[in-house]
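What follows is a set of notes on a single structure, which appears directly below.
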Amino acid sequence: MNAPVKSFAAVSVAVLPPVARLNLRIAPADLDTASATFGLPLPGKIGQGQAKGDRAAWCLGPDEWLLHAPEVEQAAIVADFAAVRALTPHSLTVISDREFTIAITGPSAQELLSVACPLDLLRMAPGTAKRTLFDSAQVVLIRDSDDAFRIEVWRSFFPHVSELLDIALREFACGL
Amino acid sequence: MLLIHCPYCVDTLPELEFAYAGEAHIARPANPMSQSDEEWRDFLFIRSNPRGLHAERWRHIHGCGRFFNALRDTVSDKFSVTYKAGRPRPDLEKAVQVPK
Ligand SMILES: [Zn+2]
């Protein structure tokens with residue numbers, strides 16, 4: 001009777017299947033090596049993203065990148081970076097299990113996020129990502145298109161973020 | 001909401017993403033053993049606490065993660081300029097001086 005509303009015409013919220021997530025810290029001068037190792041040109045400006053096939057990368061800080069790839073490729077990526085570590089010092093941390101990814105899609109996706117996201121989302125271009133806050137939880141917000149966002153949130157913060165989105169969804173569904 | 005310009009992100013972002021981190025340009029003495037008790041006390045605890053422009057450290061903790069410096073007016077809370085860590089304090093008083 002009171003099953004939580006997860007989706008209606010204007011916006012829907014879904015938890016995405018697992019993906020390999022890696023956090024890369026490397027000197028910007030060595031970006032070419034990292035790009036060759038990962039197989040796509042890593043973006044040089046904070047916020048920018050780059051995708052190729054089913055791999056993607058976003059620049060989160062002056063020397064920090066978030067990498068996504070299919071789960072089955074995770075071990076190979078770790079091995080590839082380990083092979084260049086001797087000559088190109090860097091840190092690569094597997095964070096796949098640290099986070100869940102929530103997809104927020106639909107014409108009202110941006111409005112739904114504004115419930116707890118302090119960013120001016122009108123200024124956020126498709127294809128970019130930012131580390132920011134969702135209410136009090138630190139998240140990485142990815143914008144795939146005008147109507148499609150992803151929130152990457154730590155497992156321990158997930159119940160809080162998920163609950164807030166559910167409440168907002170129900171309010172939206174009621175026309176509030 | 002107060003908006004703060006991060007010199008690393010080159011973007012102006014909500015205050016919620018940032019954390020204050022005390023007065024800027026306080027260099028730790030290279031050889032602490034050479035310091036008198038008074039000098040060491042001053043380094044640890046004594047801050048300028050001005051009324052007006054204050055050079056202070058901020059960290060974009062929920063963003064790019066970087067520390068940077070800012071000149072903020074302690075009366076109006078207005079940020080005049082932010083600049084990367086390691087850069088000298090901009091001479092803003094001189095720059096904005098209006099002839100009478
Ligand atoms: Zn920043």
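The values are calculated or read from the model by the stated rules, or taken from the named source; none is laboratory data. Remember, predicted model here, so these are calculated numbers, not experimental data. Because the Cβ atoms are built from the backbone with ideal geometry, glycine has one as well, and the counts that use them run over all protein chains shown. These accessible areas exclude ligands, DNA and RNA; they are computed on the full protein's heavy atoms, side chains included. Shrake-Rupley method; radii C 1.70, N 1.55, O 1.52, S 1.80 Å.
Structure summary
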quantity	calculated
Among A:Ala57, A:Gly39, A:Thr105 - extreme Cα towards positive end, dipole of the range A:5-116, charges at beta-carbon	A:Thr105
Helix A:158-173 axis, angle to chain A major axis (alpha carbon atoms, nearest 10°)	40 degrees
Residue (of B:Thr82, B:Phe45, B:Pro7) at the positive-pole extreme of the range B:3-84, dipole from beta-carbon charges	B:Pro7
Pair B:Asn49, A:Arg25: separation of 7 Å Cα→Cβ label points (nm)	3.6 nm
Of all accessible heavy-atom area on the protein assembly as shown, the percent that carbon and sulfur account for (1.4 Å)	55 percent
Amide N of the range A:93-113 lying under 20 Å from the label point, which is placed 7 angstrom from the Cα of A:Asp135 along Cα→Cβ	A:99-105, A:109-113
Shielding by other protein chains, A:119-128, mean Cβ within 10 Å	1
Spin-label model distance (nm) - B:Lys78 vs A:Ala86, 7 Å beyond Cα toward Cβ	5.9 nm
Alpha-carbon centroid distance for the pair the range A:98-138 / the range A:57-88, whole angstrom	24 Å
Size of charge dipole - the range A:20-94 - debye, nearest 20, with Cβ of Lys, Arg +1 and Asp, Glu -1, no other charges	100 debye
Nearest-10 value in Å² for the accessible area of A:His68, using the 1.4 Å probe	10 Å²
Three-way shape call for the range A:117-174 based on the alpha-carbon gyration tensor, with the a/c threshold at 1.5	oblate
Accessible surface buried once B binds A (1.4 Å probe; total of both sides; Å²)	1100 Å²
Calculated [θ] (222 nm, deg cm²/dmol) that DSSP helices of n ≥ 4 give over the protein assembly as shown, each run adding -39,500 (n - 2.57)	-5500 deg cm²/dmol
Distance cut-off 26 Å, percentage of C-alpha pairs in the protein assembly as shown lying past it	54 percent
For the protein assembly as shown, accessible area per residue (1.4 Å probe, heavy atoms of protein chains only), Å²	54 Å²
Karplus-derived HN-Hα couplings along the range A:90-107 (A = 6.51, B = -1.76, C = 1.60, θ = phi - 60°), whole Hz, x at Gly and Pro	6, 10, 10, 10, 7, 10, 3, 8, 7, 10, 10, 10, 10, 9, 10, 10, x, x
Approximate spin-label separation A:Val94-B:Ala27, in nm, with each point projected 7 Å along Cα-to-Cβ	4.6 nm
Chain lengthening between A:Ala148 and A:Glu73 when straightened (0.36 nm per residue, less Cα-Cα)	24.5 nm
Within straight-line cross-link reach of B:Lys78, aspartates and glutamates at Cα separation under 18 Å, skipping those fewer than 8 residues along the same chain	B:Asp11, B:Glu15, B:Glu17, B:Glu23, B:Glu56, B:Asp91, B:Glu93
No Cys partner within the rule (Cβ under 4.7 Å), the protein assembly as shown	A:Cys59, A:Cys117, A:Cys174, B:Cys64
For B:Asp11, residues with placed amide H under 5 Å, excluding near neighbours	B:Cys6
